[in-house]
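First up is the structure itself, then whatever we jot down about it.
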Amino acid sequence: MAATSTGYRRNYPVFLAQGICVDIARNLASPKLVLPYLYLALGAPVFLAGALIPLVQLSRIAGQMLSAPLISAAPVHKRYLAAASLVIAAALACTGLTIDAASIHIIAIIFMAAMIGIGLGQAIGQVAFQQMLGSMMPKERRGALLFTQTAIGGVVAIAVALLLRYVFVDVDSFASHLALLWAGVAGYLLSAIIASTLQETRRSGQDLNRGPAAAQKTSYFEEIRAGTAEAFRVAWFRRFMVTLFLFASIDLAMPFYAIHAASLHADKHGSLGSFVIAASIGLIVGGPFWQWLSRTSLTAVMIVGCTLAAIAGAFASVIQEMPFLHHEIYYGFVFFAVSAASQGIAIARKLYLVEAAPESRRAYYIAAAGSTIGVLAMPLSFALGVIAHLQHVVWPIYLLVGLNIAAIISVFFLDRPDNVMQSEAGTAR
């Protein structure tokens, strides 16, 4: 379903506002930065902090695999987009309401449940948003939309973090950290309200039945299996999956940097707010930069993003070895660089799939990519957590830098999205 000019003009500001609210909430209540930091600030063991990340991956896999057939077959998608934000808001709110009075063991269960809820919400939101992005926004405006909303979201997140730091200046450090979580809940609730105002054209029965697997009545899980198998039969998709696995070294980086930073700064008032601000600045600077670079090629965005992540890891390693650098301003640069790198890689891989995958089967390609990488990333993340517990919290960072370098090399072997589409068009003829 191609994007019409009327629909584009009507929905672009709504898409932009909804995405801004999601990015604000994601910055202020990040499961990769804020939640691991809060977890360790409560005195929980490092091993469990590392184990929390695979739970997000696992629930994201389940959410993507179960929601892809529903979203692909749905006549409208905005309800799924709104529901995703509500699920994440509920998970964060339950965490904020219970952790103050809970014991250390109950806190572990609370955070695990929150990570599962966040992963489910992220999965549903990712599939729904990318499906709507591909069908409702013209190709030339997709990158601008994504980069603009993340940049504006970063500016507002900084303003909110500064305001909270001023308001909670006379309270203990943990209370100032927790205020960030509640601000994130508000952002997700607002994004759900805005998503419900999107004006989406209901797809006809003919549109819903397009695609080779939709011509026959199959069971729910057979649809999932068929869509995933179809994606893996495509050569360019298999090559992309190798690169995606190496990109996990950037997706998984933030929690381990948060753990490392907490080991140095958890007892300092406002330290978490400073790191949230640094990460948000990374998004602000990264937004226009990645937008400009993406006009050259998505390959350039991927290479520069991986390089920036490797530089951040190297600097964090230097901070560990030099006590005079144990000030939050220095580690703020690490979060700045990792945040910008993650932004560039995340948007580049989204645009790559949106542009390369066939529209009628796009939801399955997205789900296949996310679920497979989630399965592979879980043991990697768990292993890094074990290493952090048994050795030192800086050791996972050493390994992440090596994977960042490998990711740079793998990008050179990817097919260009334009070449993929031309090849598929030639095969169809």
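Read-outs: derived from the displayed coordinates by stated rules, not from any lab. Predicted model only: the values in this text are computed from it and were never measured. When we count neighbours, we look across all protein chains shown, and the Cβ atoms used for this are built from the backbone with ideal geometry, even at glycine.
General observations
- Efficiency of FRET from Cβ geometry, Ala235 and Ile329, R₀ 56 Å, rounded to 0.05: 0.75
- Spin-label model, Ser103/Arg416: points 7 Å from Cα along the beta carbon direction are separated by 6.2 nm.
- Derived scalar couplings between HN and Hα for segment 171-176 equal 9, 5, 4, 5, 4, 5 Hz in order, rounded to whole Hz, by the Karplus curve 6.51 cos²θ - 1.76 cosθ + 1.60 (θ = phi - 60°), x for Gly and Pro.
- Degrees between helix 417-428 axis and first principal axis of the chain (Cα, 0 to 90, nearest 10): 30
- The C-alpha atoms of the chain define a longest principal axis, and helix 253-265 lies at about 10 degrees to it.
- Averaging the Cα positions of each part gives two centres, and for segment 34-76 and segment 100-164 these lie 12 Å apart.
- Karplus 3J(HN,Hα) series, Hz, for segment 306-318 with 6.51 cos²θ - 1.76 cosθ + 1.60 (x for Gly, Pro): 5, 5, 4, 5, 5, 5, 4, x, 5, 5, 4, 5, 5
- Summing charges over all other residues whose Cβ lies under 12 Å from the Cβ of Leu146, with Lys and Arg as +1 and Asp and Glu as -1, gives +3.
- Full-stretch length increase - Ala159, Glu359 - with 0.36 nm per residue and alpha-carbon distance subtracted: 68.2 nm
- Taking label points 7 Å from Cα along the Cα-to-Cβ direction, Ala62 and Glu321 give a separation of 4.3 nm.
- Non-local Lys pairs in the chain, i.e. 8 or more apart or on different chains, that have alpha carbons under 23 Å apart: 5
- Volume per residue of the C-alpha convex hull in segment 48-178, rounded to whole Å³: 127
- Value of Rg to Rh for the chain, rounded to two decimals, is 0.96; Kirkwood radius and Rg both from alpha-carbon coordinates.
- Sorting the segments 80-89, 346-355 by their mean number of nearby beta carbons within 10 angstrom, highest to lowest, gives 80-89, 346-355.
- Helix 78-98 vs. the chain, principal-axis angle (Cα, 0 to 90°, nearest 10): 20
- Centre-to-centre, using Cα atoms only, segment 274-296 and segment 305-329 are separated by 19 Å.
- Note on Arg10 and Phe47: with the Förster distance fixed at 45 Å, the Cβ-Cβ geometry gives a FRET efficiency of about 0.35.
- Other residues with beta-carbon under 15 Å from the beta-carbon of Asp23 carry, at +1 per Lys or Arg and -1 per Asp or Glu, a net charge of +3.
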